[in-house]
Amino acid sequence: MTQQNQSDSNEFPKILELDFSIGGWSSKKRLTLEGNEVNVFPPARFGWPEAVITHSPSDEEWLEFSKSLKRLDVANWKKSYMHPSILDGTQWELWVKTETSEIYTGGSNAYPENFNGLILAISRLIEEDYQYELNETSMILELEFEIGGLPAGPHRLILEGNKISVTPPP
């Protein structure tokens, strides 16, 4: 699981290992870095595994992914996110190892507020829609709009139950 041809920069260290999974007992999706390729393992259907889909991101796509991880502040996400009232449902794990650090985070039916940004970054990395329905009570959207003709940057619109909050760009 080593990335050898990934573009390296002074600001963003090379990602050496990557493992992300999300889902429940019968519908888990997984993404891993194997050599220079990202493998996506779709959920098994009727107990039979689906074919692995392989992607070969460019150096630019890896750099954008690294920038997204930094912008989302994934390195400072809590180690564990748990919803105390739900015992079954959706579990997720993310492990990223670079030349200078290692990130491990995960959860069960609970997510950092900018979790959908990670899903979006993965989708861009593999040039494929990597969507997963989190649950019925939480939804996070990223919006870009203009105020007075000037770009206002990406804002997050967060819907939790019957509450909506908007966070400005970092």
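Observations
- Segment Ser58..Trp25, full-extension length gain: 8.6 nm, with 0.36 nm per residue of separation and the alpha-carbon distance subtracted.
- Gyration tensor (alpha-carbon) shape descriptor, region 38-102, a/c threshold 1.5: oblate
- DSSP-defined antiparallel bridges as percent of all bridges, region 64-118, nearest 5: 70
- Remark: spin-label model distance Glu102-Leu87 equals 3.3 nm, labels positioned 7 Å along the Cα→Cβ axis.
- Sequence of Lys14, Lys79, Lys70 when ordered by accessible area, the most exposed leading, probe 1.4 angstrom: Lys79, Lys70, Lys14
The values are calculated or read from the model by the stated rules, or taken from the named source; none is laboratory data. Bear in mind the structure is a predicted one, so any value in this text is a computation, not a measurement. Positions of Cβ are backbone-derived with ideal geometry, glycine not excepted, and every protein chain shown enters the neighbour counts. What goes into the accessible areas is simple: the full protein's heavy atoms, side chains included, and nothing from ligands, DNA or RNA. Shrake-Rupley method; radii C 1.70, N 1.55, O 1.52, S 1.80 Å.
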